[in-house]
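For reference, the structure is listed below as structure tokens.
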Amino acid sequence: MSQPILVVAECKGSSIRRVTFEAIAVAQKLLQQRAGAVHCFLAGPGEGAELQQAARELLTYGASEVHLASSSEQTESNALASLKPLQSLVQQLQPQFVIAGHTAYGRELAPRLAASLASGYIADATAVELLDDGFAFTRPLYAGKAFETRSFTGAAPHIVTIRPNNHETAAPLEAVAAANESAINTLPASASPLRSIVREVVSRVSSGIDLTEADIIVAGGRGVRGSEGFQLLQQLADQLGGAVGASRAACDAGYCDYSLQIGQTGKVVTPQLYIACGISGAIQHLAGMSQSRTIIAINKDPEAPIFSIADYGIVGDLFEIVPLLTDELKKLGR
Ligand code: FAD
């Protein structure tokens, strides 16, 4: 039988993260040249109905089987708890690829899995190409200043993490309206003790849109001058259905929380639209957002480096332009 592809699924709260649907689509693309099934591994706490519900949803998106690892230690913040059940599953299924999101969870889990299986690992893939004799994965280097294309040699399984928001998402299959419960397996609990346990997760209050998965980001820098200025950005983001991000200078100055920081030492984002307000465009900031589909820069300095990578530039005062934009969008009913 042909080797399956295993997708490491991820939930945020009770919702499946978008990157999981991207990983399923990547798996389906890799299977275009041969027959094979997509399996999903999903870890979560306890025996919850939410986990079962997420598993049923994965089946409707094209997974032929979902393997659940559930215990009180299984959380999105505790990748270590997923390692042993995932290892056992990989040994049992012998997949050609294991694909996870390049998220905090995936970044912690995938290299450990690769090391434990002596497998190859390609991290942060932004594109996948089908070749006559295999597959090529593109990934950024030097904080996004260059890209390389890599292929696997050697025996499977090959481990890949994919950058969120860079791939098509799988579409639900109409034919699988009623998910087949027998395709949901519960993996035996691991007997190995964990080296560390996550006792508590304190979530920041946020607008609910994950920056790394947002289609539209309104980001502010030192030019925003304070938390009041960030409220203007939030109003524009709300109007557009987007999320607010920030430069490190804005976070360092206390204008906003560090969870909003975008860049080399912050989050890497790839939205459809990135509106940079009062951000100069330092290389460390560009490392986190230069792959955005369309970039609009608002800066009062016409020489600001951000304009060199912007698709559209507005030279002017953000305190005039941002409220104007928000009002115009309101008038348009957006
Ligand atoms: P500034 O460079 O001070 O730019 C402010 C801009 O606002 C200016 O261009 C100015 O013209 C404009 N402006 C001012 N007032 C207005 C107004 N009223 N209307 C319109 N425009 C206005 N930075 C990151 O962002 N992310 C990172 O992850 C990151 N990691 C780093 C890692 C390392 C190791 C180092 C050394 C630095 C890192 N930095 C990072 C910091 C980075 O080098 C810059 O200092 C930072 O990005 C600058 O932020 P800024 O553009 O908001 O501020």
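Under a Cβ-only charge scheme (Lys and Arg +1, Asp and Glu -1), can you give me the dipole magnitude of the chain about the Cα centre, in debye to the nearest 20?
Working: 25 positive and 32 negative charges, 108 e Å.
Here the size comes out at about 520 debye.
Roughly how many nanometres apart are two label points built 7 Å out from the Cα toward the Cβ at Asp238 and Arg293?
2.5 nm
Report the Stokes-Einstein translational diffusion coefficient (µm² s⁻¹, integer) for the chain, Rh taken as the Kirkwood radius over Cα pairs, at 10 °C with viscosity 1.306 mPa s. Walk me through the intermediate numbers first.
Working: Rh = 21.2 Å.
The Stokes-Einstein estimate is 75 µm²/s.
For the pair Glu228 and Ala171, how long in nm is the line joining their label points, each one 7 Å along Cα→Cβ?
My value for the distance between the label points is 4.9 nm.
Using packing as a proxy for protection, rank 194-202, 154-162 so that the peptide with the highest average count of other Cβ atoms within 10 Å comes first.
154-162, 194-202
Given points 7 Å out from each Cα along the Cα-Cβ axis, report the Glu108 to Leu332 separation in nanometres with one decimal.
The answer from the label model is 4.1 nm.
Among the trypsin sites (Lys or Arg not before Pro) within region 52-149, which fall in a DSSP loop and have no more than 16 other Cβ atoms within 10 Å of their own Cβ? Walk me through the numbers before you get to the answer.
Values: sites: Arg56, Arg107, Arg112, Lys145; in loops: Lys145.
When the trypsin sites (Lys or Arg not before Pro) of region 52-149 are filtered for loop state and at most 16 Cβ neighbours within 10 Å, Lys145 remain.
Ignoring everything except DSSP H segments at least 4 long, calculate the 222 nm mean residue ellipticity for the chain; use -39,500 (n - 2.57) per segment, divide by total residues, nearest 500. Mind showing how you got there, number by number?
Numbers: 8 runs with 94 residues, N = 334.
Value at 222 nm, helices only, nearest 500: -8500 deg cm²/dmol.
Could you give the length gained by full extension between Ala49 and Asp133, i.e. 0.36 nm per residue of separation minus their alpha carbon distance, to one decimal place? If you can, show how the numbers build up before the last one.
Details: separation 84, 0.36 × 84 = 30.24 nm, distance 4.30 nm.
Stretched fully, the Ala49-Asp133 segment lengthens by 25.9 nm.
Do you know the relative contact order of the chain, to the nearest whole percent, from alpha carbon pairs under 8 angstrom that are 6+ apart?
Across the chain, relative contact order equals 14 percent.
Just so you know, all these numbers are worked out from the coordinates, no wet-lab data involved. All figures in this text were calculated on a predicted structure; none of them were measured in a lab. Reconstructed Cβ throughout: ideal geometry from the backbone, glycine too, with neighbour counts over all protein chains shown.
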